[in-house]
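See below for the structure under consideration.
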Amino acid sequence: MLRRRTIKKITRIRDSVGISNPCGNKKMKKLLLAVILFFTFSHLFADFNDGVLTKFVEFNLASTTTRGIERYNTLYSVQVGAIHHWGEGTLGIQGYEDSFDCTAKAQVWFPFTNWYFETARIAIGCGGVYHFQHYKTISSEHDYMLNSTFRYQSESGITISFYGGYAGKATKLDAIKDGVSWIYDDYPELGMVIDKIWSNGFEIYFEHALNDLYRYPVFCSPHYLLGAAINLDSGLRFSTDVSMRIVDGYAASPYIDSLILKLGVRYSF
């Protein structure tokens, strides 16, 4: 009797630690493999990006010409953000005589959809954007979108990003007291950004997208942006760029809707 009890006790202890259970061994092996892969990819990611949380604050002064909602206005904007090897986020505010904008956007990189080569990295992630605009006493709009991003980044300073998704817009017509005061739309989001930074800190960048940080037209009014910047060792970055929005940009009769010249200064820490 005593021997049977001892054998049962040993068996229970052995089963609890998964020694005699093949399924338990398989689960433990899978868990161990997942942990090893996770820390391996995290280590590679941290080596490529230094694993450092970079925060920044940026101020912009812009002047507009031609037509568009901002025409012949001076635009003031400030952005704060953070960049980490798991993701990045930005919060921005823009104001001028007739309008006020606020945008919040975030991007998360999937841990196991990052491929590493000797001199480059390819990453896939997803993100979201929320934008609010109040235009005098005429209207206000809410834009919300989800997107996916594909990014190529090389150690030579070249970054190429493609992103696409879907968005919705809810516009409140404050000027209309009676009748329908809300209008709802949905539209796709597409964009491409190319950036190159040289070892001396000089940078050029180009963007072609359906939306920018503070403007979200329903569709077919793409904007083009071309800029240059200088990055200093102190964390300061001085930039200048010109952006142009074209209405009916993919149709037979496109025309320039707005042209914006912008100066910016950013401090990263």
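The values are calculated or read from the model by the stated rules, or taken from the named source; none is laboratory data. Values in this document were obtained by computation on a predicted structure and should not be read as measured data. We place every Cβ from the backbone using ideal geometry, glycine too, and count neighbours over all the protein chains shown. Each accessible area value is taken on the protein alone, full model and side chains, heavy atoms only, with ligands, DNA and RNA left out. Shrake-Rupley method; radii C 1.70, N 1.55, O 1.52, S 1.80 Å.
Structure above, values below:
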{"quantity": "Residue check for G201: within 15 Å of the chain's Cα centre (by Cα) and more than 24 Å from M244 (Cα to Cα)", "calculated": "no"}
{"quantity": "First in region 207-218 and on the phi < 0 side of the Ramachandran plot, second anywhere and open to solvent by 40 Å² or more (accessible area, probe 1.4 Å) and not in a loop (DSSP other than H, G, I, E, B), Cβ under 6 Å, 6 or more apart", "calculated": "E207/V193; H208/M192; H208/Y224; L210/L190; V218/D185"}
{"quantity": "Residues satisfying the stated conditions in region 231-256, i.e. of a type in the set (D, E) and either assigned to a loop (DSSP other than H, G, I, E, B) or in contact (Cβ under 8 Å) with a residue 40 or more places away in the chain (or both)", "calculated": "D233, D248"}
{"quantity": "Residue under evaluation E189, criteria (1) part of a strand (DSSP E or B); (2) loosely packed, with under 13 Cβ neighbours inside 10 Å, criterion not met", "calculated": "(2)"}
{"quantity": "Qualifying residue in region 50-60 (condition: open to solvent by 40 Å² or more (accessible area, probe 1.4 Å) and at pLDDT below 60)", "calculated": "yes"}
{"quantity": "Of all residues in region 94-144 being of a type in the set (D, E) and at pLDDT below 90, the one that is most open to solvent (accessible area, probe 1.4 Å)", "calculated": "E118"}
{"quantity": "Test: residue in region 218-230 that is small (G, A, S), closer than 25 Å to N60 by Cβ, open to solvent by less than 40 Å² (accessible area, probe 1.4 Å) and in contact with a His (Cβ under 7 Å, 6 or more places away or on another chain)", "calculated": "no"}
{"quantity": "Filtered residues of region 79-93 (kept if at pLDDT below 95 and either open to solvent by 70 Å² or more (accessible area, probe 1.4 Å) or among the β-branched types (V, I, T) (or both))", "calculated": "I83, W86"}
{"quantity": "Counted residues, region 209-230 - those being within 30 Å of D186 (Cβ to Cβ), part of a strand (DSSP E or B) and of a type outside the set (S, T, Y)", "calculated": "4"}
{"quantity": "Residues of region 145-174 classified as closer than 12 Å to V129 by Cα, loosely packed, with under 15 Cβ neighbours inside 10 Å and among the charged types (D, E, K, R), total", "calculated": "0"}
